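Just so you know, all these numbers are worked out from the coordinates, no wet-lab data involved. All values reported here derive from a predicted model rather than from experimental measurement. Here the Cβ positions follow ideal geometry from the backbone for every residue, glycine too, while neighbour counts run over all protein chains shown.
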Amino acid sequence: MHFRSPHPLLLLGVLLLPHTAWAVPSSASATWPAWVWLLLLLLTAFVIGLFGVMAGIGGGVLFVPLVSSFFPFHIDYVRGAGLFIALGSSLAATPFLLRQNLASLKLAMPVALVASVFSIVGAQLGLWLSGLDPRYVQGALGVTIIGIGAFMLGVPPNRQENLPELDSLAKRLGLFGHYRADSGELADWTVFRTAKGLVGFIVVGLVAGMFGLGAGWANVPLINLVMGVPLKVAVATSNLSISIASPAAWVYLNQGAVLPALVAPSMLGVMSGSLIGSRLLPYVPTSVIRKMVIGVLFLSGFRSLLKGFGW
Amino acid sequence: MVTSTPSTPIDEHQEYATVLTWGNRLGLLLLVLGFVSYVTGLLPGTLPLNELPQLWSLPLPEFLAQSQAPQGWNWLTVAGNGDGLAMMGILTLGCITVVSYSFLVVRFLRTRETLRLWMALGEIAVTVVAALGWGL
C-alpha cells in the first residue's frame, strides 16, 4: 500500500483546524452546548495523538498547551486530563514493548521512583501557583513549552549506538540486557552515567507534575543520550516509566481537578489518534512532521505565555 | 556487541505485561461505558452535562463550591451515574501501578532481590500516599 505524502502545510492546517475555537468569543463557553465542546475536544485530542506519535513525542506534551490555550476549560482540569492521557497512552503501549524485551523493568523502576516522588512535589507546586493566580502557571507553561521546543530542535533524533562501560551503580541495579536490533540480531545494552541520569529525572518529575505533561520528550533523550541506552530501548522504557509514575495524577484527582467529562474524550481521542498515527508512520515524512510539531509547540507556548500576561 | 541468547520475554516482563493488559482493558471499558451513557443520557450525571459550560472555566475552589462535585475516592458514592462510572475507569487506571507492583513484590521476596524489593515497596508507598491524599 502506498500513500502520497501530504503537503506539510496541509498537515499543519489539519493540526490547527480544531483550534479555530480560539477565534470564538469567550461567551461561547457558556452559550455553546457542552457536547459541541466535548466533540471538539475529542477531535483535537485525536489530531494531537495522530501527530504526537508520528513526531515521536507522544500526545501529552502537545495536549496541555494547546487545549489550555484554545479551549474555555480552566488550566487545572486540562493538566489533570493531561496526566491521565499520558498514563492511559503509556499503559496501552507498554505490554507489547515488555513482551518484546524492548522496555526494561529493571531500568524503569529506579527512573520511575525518582520521577514519581518529584512529580508529587511538582503537582503540589502547580496547584499552589494556580491557586495564587492561574496566569502564573499559564505563563510558566508557555516558557516551559518554548524551552521544550528549543530543546527538541537541538537534540538529534538518533545517534550512533554503542556499548558504554557499565558504571558501579548500574552494576548494582542490574541495568543491562539485550534487545533485537534493527539488523534482526540480538544486541546487548548497558547503562552508564546512572547517577546523572537519575538526577535528570528529578527535573522531569517536577515539570511533568507541575504542568500535567507527558514526560516522553525528556525521558528519551535522558535515557538515550545521558545514560547511553540504545534509542529503541530508551523509547520503550520511557513508555514503561510513564505508566508507572502515576502519583501526580492522583494529586490532581484528590484535589477535584479531574473531570471525567473532559478526561474521557481526551483520552479516547489521543489513544485512537496514536493508534492510527503508528499505522501511518511508515508512509509519512516523519522529519517534516517533527519540525511541524515543534512549530506548533512554539505557537502554543507563545499563546500560553501571552495568556499568562493576560493578553 | 551481539549475543546469541534467545530473546524470549523475561518472566517478570510477561507477568507484569499481563496485569497491565487486563487492568488497562477494564479501565478503558468503564471509561467508555460511563462516558457514552453520560453524554447520551442513559445514566444520570453527577455534574449535569448542560451545566458543564458554566463550571469548567471556574477556578478549582469555586468549581467545587458551585458544583458540589465529589473529590477523589468520594466519586465511588456516585458510581451509578454516567460520569461516576467513567471516573471508576479513571480510578482503575490509576490503581494499576499498585496492583502490578504488588506482583513484583511477591516475586522479589521469592528471588531475594532486596534492592529491587525496596524500590518496588517505595513506589507502592509513594503511589498509595498520593492516592489517599495523606498529607498532600
Practice task
Run the quick spin-label model on A:PHE309 and B:THR114: label points 7 Å from Cα toward the beta carbon, then report their separation in nm to one decimal.
Solution key: 5.8
Exercise for the section: Could I have the simple spin-label model distance between A:TYR283 and B:GLN66, label points 7 Å from Cα toward Cβ, reported in nm to one decimal? Expected result: 4.6
Exercise for the section: Please report A:THR190, B:THR77 as a ranked list, fewest other C-beta atoms within 10 angstrom at the top and most at the bottom. Expected result: B:THR77, A:THR190
Practice task
Can you bin the range A:165-230 into rounded, prolate or oblate? Criterion: square roots of the alpha carbon gyration tensor eigenvalues sorted a ≥ b ≥ c, rounded for a/c under 1.5, prolate for a/b above b/c, oblate for the rest.
Solution key: oblate
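Which value, to two decimals, describes the C-alpha radius of gyration of the range B:6-136 once divided by 2.2 N^0.38 Å? Please report the intermediate quantities before stating the final value.
Values: Rg = 18.8 Å, N = 131, 2.2 N^0.38 = 14.0 Å.
That ratio works out to 1.34.
List the DSSP H helices in chain A whose Cα atoms stretch 18 Å or more along the helix axis and whose mean Kyte-Doolittle hydropathy is at least 0.0. Write out the running numbers ahead of the final one.
Details: long enough: A:34-55 (31 Å, 2.42); A:75-99 (37 Å, 1.04); A:105-132 (40 Å, 1.65); A:134-154 (30 Å, 1.15); A:194-211 (26 Å, 1.88); A:231-244 (20 Å, 1.29); A:260-280 (29 Å, 1.11); A:286-308 (32 Å, 1.01).
Helices meeting the criterion: A:34-55, A:75-99, A:105-132, A:134-154, A:194-211, A:231-244, A:260-280, A:286-308.
What Kirkwood hydrodynamic radius, in Å, does the range A:235-311 give when the mean of 1/r is taken over all pairs of distinct Cα atoms and then inverted?
Details: mean 1/r = 0.0635 Å⁻¹.
When all Cα pairs of the range A:235-311 are included, the Kirkwood radius is 15.8 Å.
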Practice task
Please give the average number of partner chain Cβ atoms lying within 10 Å of the Cβ of each residue in B:71-77, rounded to a whole number.
Solution key: 3
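Per-residue Cβ counts within 10 Å, from other chains only, averaged over B:58-64: what number is that? Numbers along the way, then the final one.
Working: counts 4, 7, 12, 3, 1, 6, 3.
Whole-number average of other-chain Cβ neighbours for B:58-64 is 5.
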Handout entry: Spin-label pair A:TRP128/A:LYS291, simplified geometry with 7 Å Cα→Cβ offset, distance in nm
Key = 4.3
Handout entry: Calculated P(r) of the protein assembly as shown - Cα pairs past 36 Å, %
Key = 23
Completion exercise
So the angle from the long Cα axis of helix B:114-132 to the longest Cα principal axis of chain B, reported in degrees to the nearest 10, equals 0
Practice task
Place the peptides A:198-205, A:99-106 in order of packing, highest mean first, counting for every residue the other Cβ atoms within 10 Å and averaging per peptide.
Solution key: A:99-106, A:198-205
Exercise for the section: Quick one: Debye curve from the alpha-carbon atoms of the range A:80-146 only, equal weights, vacuum; give me log10 I(q)/I(0) at q = 0.18, 0.23, 0.24 Å⁻¹ to two decimals. Expected result: -0.86, -1.08, -1.11
Problem - Pairwise FRET efficiency - B:TRP134 versus B:ASN74, Cβ, R0 = 25 Å, nearest 0.05 - result: 0.95
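What do you get when you divide the Cα radius of gyration of the range A:52-187 by 2.2 N^0.38 Å, with N the number of residues? List each step's numbers first, then the result.
On the way: Rg = 18.3 Å, N = 136, 2.2 N^0.38 = 14.2 Å.
Ratio of Rg to 2.2 N^0.38 Å for the range A:52-187: 1.29.
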